[in-house]
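Undergrad: Questions regarding the structure given below will be posed in turn.
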Amino acid sequence: MYFDFLHSESIEDMGYSLSKLEVETGLFDGSSSNHGVASSVHHDRPANYLDHEISQLTKLRSGPHENLSRILPGKKEVPVSTFKMLAAREANISGRGRFSKADCCHVLSKYLPVSGPWIVDQMETRAYVSQFSADGSLFVAAFQGSHIRIYNVERGWKVHKNIHAKSLRWTVTDTSLSPDQRHLVYATMSPIVHIVDVGSAATESVANITEIHDGLLLSADNDDFGIFSVKFSTEGREVVAGSSDDAIYVYDLEINKLSLRISAHNSDVNSVCFADESGHLIYSGSDDNLCKVWDRRCFRAKEKPAGVLMGHLEGVTFLDSRGDGRYFISNSKDQSIKLWDIRKMSSHAARNIWFRNYEWDYRWMDYPAQARDVKHPYDQSIATYKGHSVLRTLIRCYFSPEYSTGQRYIYTGSHDACIYIYDLVSGEQVAKLQHHRSTIRDCSWHPTYPMLVSSSWDGDVVKWEFPGNGEAPLPPKRKQIRRRHFF
């Protein structure tokens, strides 16, 4: 594991491919790295610095021991260098004689996966989904041409399962691995979610020819029905889905029956997820610009959301929960990511608060210049992150892994063929990875290693690492953006 090097490697061996987060603070005398890592890191707090409880929680998860991070009078607040961290451990400054989990996160979170990229796979069709399994041993990539590939990360990215999807309409819109990694569900623009046995011996899985892809029927409506989002619950007993009929569906796998349907929004439900391990809370995001929180413990009594969160000016494309039942982030067609605290939610949405004075459709038009600086009059978010482009498709965003970074960062794909990494607390863009020729709809950070994999509409699936694998990275490609009608 990558934490092991904190206990075994010499200081001289740790100087390769440092991100500019450390180089530019003057704590390490090294050269700059590639791929557009942020050109400056301000020691003074920026204007959009997040002064909220989550900034303290993030610091507890990813900050060094207080004896190392204590700020002296007249000194500026800067990250503690790896050299000082190792020296302090040897001197037992913390009194523990070892690194804590937060100390490890503080060191590892400065070593961003910005080297490369190296090729994982190349397909002739657009890649829509990129997902690591919970333990990082498997990686799932889904493509428009009915293909889903599962790679064994620990065996040199060998194809573990090559799945040919059933009842495909347009593309595979989403996939989800079960927590035990034995099953995968995939969704398309149809009312049926299909489930595949990942643990079977066969590598080739052709729907109902070499293997059975059981169907989970969510709706009898077969016309113009699509599923945009599907997720397993933490214990793997249920699947939650968001659909084009403005509803949320919960399917109970144990009784093989649809257990709940919620008329949730006034437009497409583009993203749904469970808030935490309990499975009681569900977050949803829609083209009606709203994020909603649903508490299943009291839903049947009032059949209304537990709360509504306003702040986006355009449709919500994706949600990612921090996993604590309190915070989540959302990506939106208003070209921003927002961070939410559900304790700020209201009982209902304000009406007639936002009127467009322009015509715009994200599927084939650029975002209007006059809308970029418009703010929602009742914005309930606690932070906003801008710089990436959310156009043509439902682009996704995520918290960085807790194990290696303490969820210190937020990262996202983008229509401009780049990956953006933001600091959650300062709001600054700390890295911008460039290689692809077309839209990056999805990307995934390994849960324990400093590795990030991106998939693009150019058909490439590539990995970014720190410090790399010794191979020569791929040459940069010329950006190619297709303008067509996409979901």
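Undergrad: Take the solvent-accessible surface of the protein heavy atoms, probe 1.4 Å, and return the percent of it on the stretch 332-406 that carbon and sulfur atoms account for.
TA: On the way: 1760 of 3680 Å².
Ligands and nucleic acids excluded, carbon and sulfur reach 48 percent.
Undergrad: Please list the non-local residues whose amide H lies under 5 Å from the amide H of GLN407, H modeled 1.01 Å from N, same-chain partners needing a gap of 5 or more.
TA: The answer is GLU402.
Undergrad: Show me 252-265, 134-147, 199-212 ranked by packing, highest mean number of other Cβ atoms within 10 Å first. Can you show the working numbers first?
TA: On the way: 252-265: 15.2, 134-147: 19.9, 199-212: 13.6.
So the peptides 252-265, 134-147, 199-212, ranked by packing, come out 134-147, 252-265, 199-212.
Undergrad: For LYS344, give me every one of the aspartates and glutamates with a C-alpha distance below 16 angstrom, ignoring sequence neighbours fewer than eight places off in its own chain.
TA: Straight-distance partners of LYS344: ASP51, GLU53, ASP295, ASP324, ASP379.
Undergrad: Also, quick follow-up: Mind jotting down the distance between the C-alpha centroids of the stretch 236-312 and the stretch 419-457, whole Å?
TA: Cα centroid of the stretch 419-457 versus Cα centroid of the stretch 236-312: 27 Å apart.
Undergrad: Would you mind checking LYS292/LYS338; LYS84/LYS463; LYS386/LYS432; LYS158/LYS463; LYS231/LYS257 for any pair whose Cα atoms are more than 21 angstrom apart?
TA: Numbers: LYS292/LYS338 14 Å; LYS84/LYS463 31 Å; LYS386/LYS432 13 Å; LYS158/LYS463 14 Å; LYS231/LYS257 16 Å.
LYS84/LYS463, as the Cα separations exceed 21 Å there.
Undergrad: In nm, give the distance between the simple-model label positions of HIS52 and LYS101, each being 7 Å from the Cα along the Cα-to-Cβ direction.
TA: 2.3
Undergrad: Let me ask something else. Rounded to whole Hz and in sequence order, give me ³J(HN,Hα) for the stretch 56-65 from the Karplus expression 6.51 cos²θ - 1.76 cosθ + 1.60, θ = phi - 60°, writing x for Gly and Pro.
TA: Each residue of the stretch 56-65 in turn: 6, 5, 5, 5, 5, 7, 10, x, x, 4 Hz.
Undergrad: About the Cα centre, and with charges only on the beta carbon of Lys, Arg (+1) and Asp, Glu (-1), how big is the dipole of the stretch 204-333? Nearest 20 debye, please. Mind showing how you got there, number by number?
TA: Values: 13 positive and 22 negative charges, 139 e Å.
Charge dipole, the stretch 204-333, about its Cα centre: 660 debye, nearest 20.
The values are calculated or read from the model by the stated rules, or taken from the named source; none is laboratory data. Here the structure is a predicted model, which is why all the values come from computation and not from measurement. Because the Cβ atoms are built from the backbone with ideal geometry, glycine has one as well, and the counts that use them run over all protein chains shown. Just so you know, the surface numbers come from the protein's heavy atoms only, side chains and all, with ligands and any DNA or RNA stripped out. Shrake-Rupley method; radii C 1.70, N 1.55, O 1.52, S 1.80 Å.
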